[in-house]
Amino acid sequence: MSIRIDIISAVPQLLTSPLTESILKRAQERGLADIRVHDLRSYAHDKHRTVDHPPYGGGAGMILKPEPLFECIEALKAERTYDEVIYVTADGERFDQRSANRLSLLSNIIILCGHYKGIDERVRQALVTRELSIGDYVLTGGELAAAVITDAVVRLIPGVINDGESALTDSFQDGLLDAPSYTRPPEFRGMTVPEVLLGGNHAAIAAWRDEQRRTKTEQRRKDLLP
Ligand code: ADE
């Protein structure tokens, strides 16, 4: 299983390091993910490579023009079939672990990044199939949101994280927050690791983690409990 993600951006430099280091880098080297960033400006035809313009009717900020976005998306669609054309926007549906799980099962996705004031509505109407927000706050553009979504989705592809169990035991994966983790040394500046974790009794460790997860979720995120 592998996934292809095409990200369209007017500021592609913003996406470079989150997608080309560490686990996402390894996922691409292993052929488990193919992440391509497309510079929207290369689809602008005028001398200044204009991709945005002030909104009709007045108002602050710039809006991405429809022509380069249509051309870029159409060029990609001519090459392969896409399961979703996602526009990242603060007024989209909330992205969460469940959305990440769903997207990780798809083959080809386009993610469209807007400026903070957005994109021409006709692109949303004609081409976008899903609109996602990473939270109730406004970013200067969609690039960081696209990087967040790409990261959360790609790490779920089997083989991306070495330990097959790891992604399954994450916070949220079964509706609860994760248990605390410790590593060496067993005592550090007077703070000790819970005895049960040092003992090698797997059933006792599982029961301790379960209890910790329930207590933490109860204290911090009651809304996640059934
Ligand atoms: N673009 C600007 N703010 C955003 C948000 N919160 N989520 C996704 N895309 C955005």
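The values are calculated or read from the model by the stated rules, or taken from the named source; none is laboratory data. Note that the coordinates shown come from a computational prediction; the quantities given were computed from them, not determined experimentally. Positions of Cβ are generated from backbone atoms using ideal geometry, with glycine treated the same way; all protein chains shown enter the neighbour counts. Surface areas here come from the heavy atoms of the whole protein model, side chains and all, with no ligands, DNA or RNA. Shrake-Rupley method; radii C 1.70, N 1.55, O 1.52, S 1.80 Å.
Suppose we filter segment 97-142 for residues that are among the acidic types (Asp, Glu) and farther than 23 Å from Leu14 by Cβ; how many remain?
The total comes to 1.
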task = Tell me which residues, restricted to segment 111-123, are outside any strand (DSSP E or B) and within 13 Å of the ligand (Cβ to nearest atom).
result = Gly114, Tyr116, Lys117
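What number of residues within segment 1-56 are assigned to a helix (DSSP H, G or I) and closer than 30 Å to Pro158 by Cβ? First the steps, then the outcome.
Start the filter on segment 1-56 by keeping residues that are assigned to a helix (DSSP H, G or I), which leaves 12-20, 22-29, 40-43.
Filter again for closer than 30 Å to Pro158 by Cβ, leaving 12, 14-20, 22-29.
Total satisfying the criteria: 16.
Just to be sure before I move on: is Arg122 touching a residue at least 40 places away in the same chain (Cβ under 8 Å), in contact with a Pro (Cβ under 7 Å, 6 or more places away or on another chain), of a type outside the set (S, T, N, Q) and open to solvent by 30 Å² or more (accessible area, probe 1.4 Å) in the structure I sent? Write out each step before concluding.
On the way: touching a residue at least 40 places away in the same chain (Cβ under 8 Å): yes; in contact with a Pro (Cβ under 7 Å, 6 or more places away or on another chain): yes; of a type outside the set (S, T, N, Q): yes; open to solvent by 30 Å² or more (accessible area, probe 1.4 Å): yes.
Here the answer is yes, as Arg122 does meet what is asked.
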request  = May I ask you to say which residue of Ala179, Ala207, Ala167, Ala146 is of a type in the set (A, V, I, L, M, F, W, C), more than 30 Å from Pro12 (Cβ to Cβ) and within 24 Å of the chain's Cα centre (by Cα)?
outcome  = Ala179
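Rundown of residues vs (1) closer than 22 Å to Arg36 by Cα; (2) assigned to a loop (DSSP other than H, G, I, E, B); (3) open to solvent by 60 Å² or more (accessible area, probe 1.4 Å); (4) modelled with pLDDT under 95, yes/no style:
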{"position": "Gly58", "(1), (2), (3), (4)": "no, yes, no, no"}
{"position": "Phe70", "(1), (2), (3), (4)": "yes, no, no, no"}
{"position": "Lys77", "(1), (2), (3), (4)": "yes, no, yes, no"}
{"position": "Tyr82", "(1), (2), (3), (4)": "yes, yes, no, no"}
{"position": "Val85", "(1), (2), (3), (4)": "yes, no, no, no"}
{"position": "Leu103", "(1), (2), (3), (4)": "yes, no, no, no"}
{"position": "Ile109", "(1), (2), (3), (4)": "yes, no, no, no"}
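Is there a residue in segment 71-86 that is polar (S, T, N, Q) and either more than 16 Å from Arg130 (Cβ to Cβ) or within 16 Å of the ligand (Cβ to nearest atom) (or both)? Walk me through how you get there before you give the answer.
Applying the first criterion (polar (S, T, N, Q)) to segment 71-86 yields 81.
Those left that are additionally either more than 16 Å from Arg130 (Cβ to Cβ) or within 16 Å of the ligand (Cβ to nearest atom) (or both): none.
So far as segment 71-86 goes, no, none of its residues is polar (S, T, N, Q) and either more than 16 Å from Arg130 (Cβ to Cβ) or within 16 Å of the ligand (Cβ to nearest atom) (or both).
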key: Pair list, Cβ < 6 Å and 6+ apart or interchain, from segment 125-144 residues that are under 20 Å from Ala100 (Cα atoms) to residues that are of a type in the set (Lys, Arg) and within 12 Å of the ligand (Cβ to nearest atom)   = Ser133/Arg94
inquiry  = Looking at (1) surrounded by fewer than 18 Cβ atoms within 10 Å (Cβ to Cβ); (2) in a helix (DSSP H, G or I), which one does Glu93 not meet, given that it meets all the others?
reply    = (2)
remark   = Among helices (runs of 4 or more DSSP H) entirely within segment 125-226, at least 2 residues that are surrounded by 11 or more Cβ atoms within 10 Å (Cβ to Cβ) and within 16 Å of the ligand (Cβ to nearest atom) occur in 143-154
message = Condition first: over 22 Å from Arg4 (Cβ atoms) and either more than 10 Å from the ligand (Cβ to nearest atom) or without any contact (Cβ under 8 Å) to a residue 40 or more places away in the chain (or both). Can you find one or more residues in segment 96-105 that meet it?
response = yes
